[in-house]
C-alpha cells in the first residue's frame, strides 16, 4: 500500500482524497467510482465511505473536486503503478528471462516439452497415491541445485508439506546416488551442501498455510537472495577463491517451491456451516456449505496469485502436488466431463480391491484451481507395486508395472490427448534407487 | 463541466435565468440530468431559449458526431482484420476478408488447455504481417495476467510465420520482409499481477497508443484471472470489470484496434432454466466467467474446446452481430494455429448450421482470398 503522497498532487486535491479515505494509490485506483467522473455520486460508495469512518462532510468535500482534478489524480496513480510495478518490454527481451528446470531425466524432459518444467509458472503434478509424485518432487530437489548448463537452476528449494513426515530416508539414498552420478561434472557438490539447500516448512492447517504464504514464504525467498548479494560482495572484496568461496556457494538462492500437497488443507476444512442446529434448519446448513465453497475458491485464488507473483518476481519454478478425486456418475455422462485425465486402456482391466481404476478420476480442487495453474502433468499406473519399503515408498517394482506421465495442458508443449506413446506429451517411467527414470519408447 | 457549478453562473438571458431559479434546479448537474425537451415543456421555454440553454450546457465540439451508415460502411471496409491463421476460424467472423475485426472487442473463452493463449500468440504475430497477406501491418501489445505467454513458443510460431512470408515473397519476387526476431520484437509484452496493476495498465494504454500509432492489436490474457473469487464485493467487481471493458471498447474504436480478450470458464451452479443454457451447448456445466455485464460489452464471443481424442479442436462463435452461431474445427501444431491438417477427417464440418461456404467440399476453406490460400496451403 503506497500513500498518495508520492504522487505529487496539489494539496487541496490530496487533502480531499485523504479525508474521503482514498489515501493510498491502490485504493484510488480501485475505489474511484466511475460516478465521480460522471458527476453522479454513487449512494453506495457514500455509504461505504461512511462505514469506513469517513464523515459525510469529508465525502462531500470530495465531490467539490472537479472531474478533471480527480482524473488527474487517477492518471498520476496509474502512471506511478505502471512505472514502478509493471515490467514492459518486447517478447524478444522475454526470451532471455525464461528458463527451464530439468526433471532429471532426458525422456521425462522430452515428454514435457523438451527442457523440463518452466520457471515463472505453476506446474501441477496430479495422480493417485503411491504413483510417484513425491518421488518426482524429491528428484527436482536435487536437479534444481545443478548448474544451469546441466538443466538446473543453481538454486535451493523450499518443500512445503501438508502430508506429515518428510521422506528423509528416501532423500538420503537419492542424494548418495545423485552425488555419485555427478561427481565428475560438479566436483564441488556433496551431500551436505545438497541437504543445506533444501528448506522444509510444515503447514498443518489452512490458517498456518495462509500465514506462511502471505508472510513467511516471501520473506524466506527474499532473504536467500539478500544473502546471495552479500556473498557476492564479499567475493569482490577479498578476491580469493578458497574456503570463503565454497562457503558462500553453499547457500543458494531459492529457485523452486514444492507444495506437497496443495489438496490436503483445502479438503479437510470444507466444513458444513457453523455447529449446532438452528431453527432455520436446512437453509442454514446449505448457506454455510455454499459460503464455505466460495471461501475455498477465494483462498485458492489468493494462494495462486501469491505463488504466481513470487514466481515471476524471482524467476522461480513452482510445483504443486495434487491428489485425485472420483468423477461422479452424473459428471461422467456429461460430455465431456471437466477435464478428467483418461486412464490407459489397460487400467480398465485392473481389478484390485484397493484401487478401482475402472472409475474415472480427476485432479482435485476443481475448475478454480485449474484456472490458476499454468500446466498440469498427470502420473498414472496400472498395477500396485510388489512391496512397500519404509515410509510407504516402493522399493521394488513389479515387472508388470506400467506407469505413465502425461501432459494434460501446458503453454509450452503440445499435449497428447490420445495417450499415444509415439507422440510427445507422454512417456512411461519407472522408479528405481536413483529416482524417477523415463522409459524410452522402443517402437 | 463541473456538475456542482451553480446554474446561475451560466450565460443566459435574465428571463431564462429567473425561470430556472424559480424552478428549483440549482446546479448544472441537475440541468444536465433532465432531457431538454421535458425541461422546456415544464418551464414553458421558447425554442430559442431551449436552444440557448442547450448550447450552454453542451458546448459545441463536445464530441458527439454523427455518420451515415454508408460512411460507416466505407470506413469499415478500409480497416484491416487480422487472420487467425486458420481460414476456418477467420470465416466465422464474416466480413469481406474474414479474420478478427478491428474497432470491437472479441472475447475468446475456454477451459484450460483449449488453446486461448496459443491463439493469442498467433494473433500477436499475425498482426505484423502485411495487410495484403491477412495481417494488419502493425505491432501488438500483449497484456499477460496469467504467465502463460511463453516467449520460446512465440519464437517457434514466429519462425514458422517468417518462413512462410519468405516463401510468399520469393514466389512473388519481392524482398522478404520480416524475420523471426523482428516478429518477436513487434510484440510489446507486459505482465500484471493484481487488479490494481491491471487497472493502471488499461489506463496507461491510452497514452501508449497515442505514442505508438503503429499498434494494431491488443491482447488481454486473461481478464478473468484477476477478478474471479478475489473480490468479496461482487457489485464492485462488476462495476470495475464493466468500466475496464468500456475503456477497452473505447480504445478499440478510437484507434481502430483489434482487441482480443481471453476469458476463463466457471462452473454453473444451480443453473436456472434458460439463461445459462445458452452458453452451454456442449452441456458440460461451465459458462464464461464474469457474467452478463462483461458479456454484453463484447461484440464477438468465441469458445474454444476440444472433444478429446485426436488432435482436432473446435471453435464456436456464440455471439456475433452478423453471423449465425456456428462451429468450426481447427488445429494447433508446432507451427501454430492452422486448419485441420488431414482432410480425410471430418474436415471443417459445421455444427448447428451457419452461413459458410464450403460445407460440401473439404478443401474449400470458404471466404479465403487467393493470397491466403497461397499462404497457408501446405501443411507438413
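Data table
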{"read-out": "Residue B:328 being modelled with pLDDT of 50 or more and within 14 Å of chain A (Cβ to nearest Cβ)", "value": "no"}
{"read-out": "Some residue of segment A:110-123 being more than 14 Å from chain B (Cβ to nearest Cβ) and in contact with a helix residue (DSSP H, G or I) (Cβ under 8 Å, 6 or more places away or on another chain)", "value": "no"}
{"read-out": "Helices (runs of 4 or more DSSP H) within segment A:1-89 that include 1 or more residues modelled with pLDDT of 80 or more", "value": "A:11-19, A:25-31, A:67-85"}
{"read-out": "Residue in segment A:101-117 that is at pLDDT below 90, under 30 Å from residue B:205 (Cα atoms) and either under 21 Å from the mean Cα position of the chain (by Cα) or not in a helix (DSSP H, G or I) (or both) present", "value": "no"}
{"read-out": "Hits in segment B:248-272 (condition: farther than 18 Å from residue B:116 by Cβ, without any contact (Cβ under 8 Å) to a residue 60 or more places away in the chain and crowded, with 17+ Cβ neighbours inside 10 Å)", "value": "B:251, B:255"}
{"read-out": "Residues within segment A:400-433 that are over 26 Å from the mean Cα position of the chain (by Cα), at pLDDT 85 or above and in a loop (DSSP other than H, G, I, E, B), tallied", "value": "1"}
{"read-out": "Residues located in segment B:227-238, provided they are without any contact (Cβ under 8 Å) to a residue 60 or more places away in the chain and more than 7 Å from chain A (Cβ to nearest Cβ)", "value": "B:231, B:232, B:233, B:234, B:235, B:236, B:237, B:238"}
{"read-out": "Single residue of segment A:185-217 satisfying the filter (in contact with a helix residue (DSSP H, G or I) (Cβ under 6 Å, 6 or more places away or on another chain), in contact (Cβ under 8 Å) with a residue 60 or more places away in the chain and assigned to a helix (DSSP H, G or I)) that is farthest from residue A:265 (Cα to Cα)", "value": "A:213"}
{"read-out": "Which listed residue is within 9 Å of another protein chain (Cβ to nearest Cβ), under 29 Å from residue B:112 (Cα atoms), in contact (Cβ under 8 Å) with a residue 40 or more places away in the chain and within 21 Å of the chain's Cα centre (by Cα), from B:147, B:135", "value": "B:147"}
{"read-out": "Looking only at segment A:318-338, and only at residues there that are at pLDDT 70 or above and out of contact with any helix residue (DSSP H, G or I) (no Cβ under 7 Å at 6 or more places or on another chain), the one that is farthest from the other protein chains (Cβ to nearest Cβ)", "value": "A:323"}
{"read-out": "Single unsatisfied condition, residue A:138 versus (1) assigned to a helix (DSSP H, G or I); (2) touching a helix residue (DSSP H, G or I) at 6+ places or on another chain (Cβ under 7 Å); (3) more than 9 Å from every other protein chain (Cβ to nearest Cβ); (4) surrounded by fewer than 22 Cβ atoms within 10 Å (Cβ to Cβ)", "value": "(4)"}
{"read-out": "Residues of segment B:2-24 satisfying the condition of being buried (at least 17 other Cβ atoms within 10 Å of the Cβ) and within 14 Å of another protein chain (Cβ to nearest Cβ)", "value": "B:3, B:7"}
{"read-out": "Residue check for residue B:203: at the interface with chain A (Cβ under 7 Å from one of its Cβ atoms), touching a helix residue (DSSP H, G or I) at 6+ places or on another chain (Cβ under 6 Å), assigned to a helix (DSSP H, G or I) and surrounded by fewer than 23 Cβ atoms within 10 Å (Cβ to Cβ)", "value": "yes"}
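A quick yes/no check of all residues on (1) touching a helix residue (DSSP H, G or I) at 6+ places or on another chain (Cβ under 8 Å); (2) under 18 Å from residue B:264 (Cβ atoms); (3) within 13 Å of chain A (Cβ to nearest Cβ):
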{"site": "B:177", "(1), (2), (3)": "yes, no, no"}
{"site": "B:192", "(1), (2), (3)": "yes, yes, yes"}
{"site": "B:196", "(1), (2), (3)": "yes, no, yes"}
{"site": "B:199", "(1), (2), (3)": "yes, no, yes"}
{"site": "B:207", "(1), (2), (3)": "no, no, yes"}
{"site": "B:215", "(1), (2), (3)": "yes, no, yes"}
{"site": "B:220", "(1), (2), (3)": "yes, yes, no"}
{"site": "B:225", "(1), (2), (3)": "yes, yes, yes"}
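The values are calculated or read from the model by the stated rules, or taken from the named source; none is laboratory data. Keep in mind the model is a prediction, meaning the values are calculated, not measured. Here the Cβ is made from the backbone with ideal geometry for all residues, glycine too, and neighbour counts use every protein chain on show.
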